[in-house]
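Below is one structure; the comments refer to it alone.
The values are calculated or read from the model by the stated rules, or taken from the named source; none is laboratory data. Keep in mind it's a predicted model, so treat the numbers as computed, not measured. Positions of Cβ are backbone-derived with ideal geometry, glycine not excepted, and every protein chain shown enters the neighbour counts.
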Amino acid sequence: MTSITLSNVCLDYPLYGAYDFSIKRRLMNRLLGEADGAHAVRAIDQVSLDIRSGARIGLFGPNGSGKSTLLRLIAGVYPATSGRIEVRGRVMPLLGLSAGANLDLVATDNISLLLRIGGRRPTPAIIDDIWAFTELEDRMRRLPLRTFSSGMLMRVLFATATAFPADILLLDEWLSVVDERFSAKAERRLLELVDGAAIVMLASHDQELLRRVCNRIVPLDRGRIVGAEGGGETDRSARKLEEICA
Ligand SMILES: Nc1ncnc2c1ncn2[C@@H]1O[C@H](COP(=O)(O)OP(=O)(O)OP(=O)(O)O)[C@@H](O)[C@H]1O
């Protein structure tokens with residue numbers, strides 16, 4: 001049974017670097033009237049969620065409310081500072097351009113690496129299929145990813161992450177960088193995966209997209225779930241989205 005359970009989960013990002021401890025920085029803090037000692041920002045604050053098969057969760061909230069961080073916690077990119085996270089099922093995270101890729105490695109090595117991280121064996125046929133989906137020139141296979149434009153990079157990461165079906169899809173504002181034609185093709189592939197997945201979690205500011213895809217909205221603000229969040233049918237959640245956006 002595919003499921004995601006979070007119990008009182010918190011995540012603090014450490015802020016400190018050597019600069020925070022310098023005399024100059026402390027002096028500046030005094031002059032600006034800021035207190036010494038704030039070395040972490042709490043991005044997720046006591047979040048509890050119980051998500052079962054069939055859930056299409058929309059994470060909604062203002063910039064910095066914790067949507068991306070929550071998805072990264074569930075994907076296992078970050079460990080929780082406190083609380084408990086239990087994920088049952090094969091997870092496919094599409095979390096943005098910085099997640100998972102090694103920009104100094106050539107494109108095909110990145111594809112192999114990402115497949116292995118996902119528990120798949122990268123055969124030449126699988127890599128050929130993934131590359132064909134990107135529609136990029138063949139010579140680019142052997143170039144390091146740092147030489148790719150953000151749209152090209154997104155094509156490679158998207159094609160790799162979506163090459164196989166998954167039980168749980170985690171999507172963070174995904175298709176905004178690619179050009180229109182690839183975006184349409186990618187959306188078709190994504191919608192097929194959404195149909196096949198047991199659980200989908202989508203972070204977005206796009207109310208229309210959330211309305212179309214989700215049957216439950218989790219509104220976040222400053223790392224907390226706000227309002228009377230609860231599971232429910234599409235119409236209840238859609239109404240709730242209207243209320244949240246009002
Ligand atoms: N690497 C980081 N180091 C320190 N603080 C961070 C880091 N990443 C995010 N934060 C902080 O954590 C909080 C939550 O950020 P997060 O990116 O999860 O929000 P979000 O809801 O996805 O925002 P947006 O809608 O702008 O994408 C914010 O206060 C942000 O400043």
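Taking each residue of region 59-85 that is surrounded by 16 or more Cβ atoms within 10 Å (Cβ to Cβ) and looking for partners that are in a loop (DSSP other than H, G, I, E, B) and aromatic (Phe, Trp, Tyr) with beta-carbon atoms closer than 7 Å, six or more apart or interchain, yields 72/78. Does residue 12 count as modelled with pLDDT under 80, over 21 Å from residue 169 (Cβ atoms), within 13 Å of the ligand (Cβ to nearest atom) and surrounded by 12 or more Cβ atoms within 10 Å (Cβ to Cβ)? Here the answer is no, as residue 12 does not meet what is asked. Looking only at region 86-120, residues that are buried (at least 19 other Cβ atoms within 10 Å of the Cβ) and in a strand (DSSP E or B) come to 5 in all. Taken over region 20-60, the criterion of being at negative phi, modelled with pLDDT of 70 or more and small (Gly, Ala, Ser) is satisfied by 22, 40, 43, 48, 53, 55, 58. The single condition from (1) of a type outside the set (Lys, Arg); (2) without any contact (Cβ under 8 Å) to a residue 12 or more places away in the chain; (3) touching a Gly at 6+ places or on another chain (Cβ under 7 Å) that residue 149 fails is (3). Residues in region 63-81 that are near the ligand (Cβ under 6 Å from one of its atoms) and in a loop (DSSP other than H, G, I, E, B): 63, 64, 65, 66.
Of 105, 95, 113, 171, all but one fail to be away from the ligand (no atom under 16 Å from the Cβ) and under 20 Å from the mean Cα position of the chain (by Cα); the exception is 113. Against the test of being closer than 30 Å to residue 14 by Cβ and modelled with pLDDT under 95, the options 151, 96 yield a single qualifying residue, 96.
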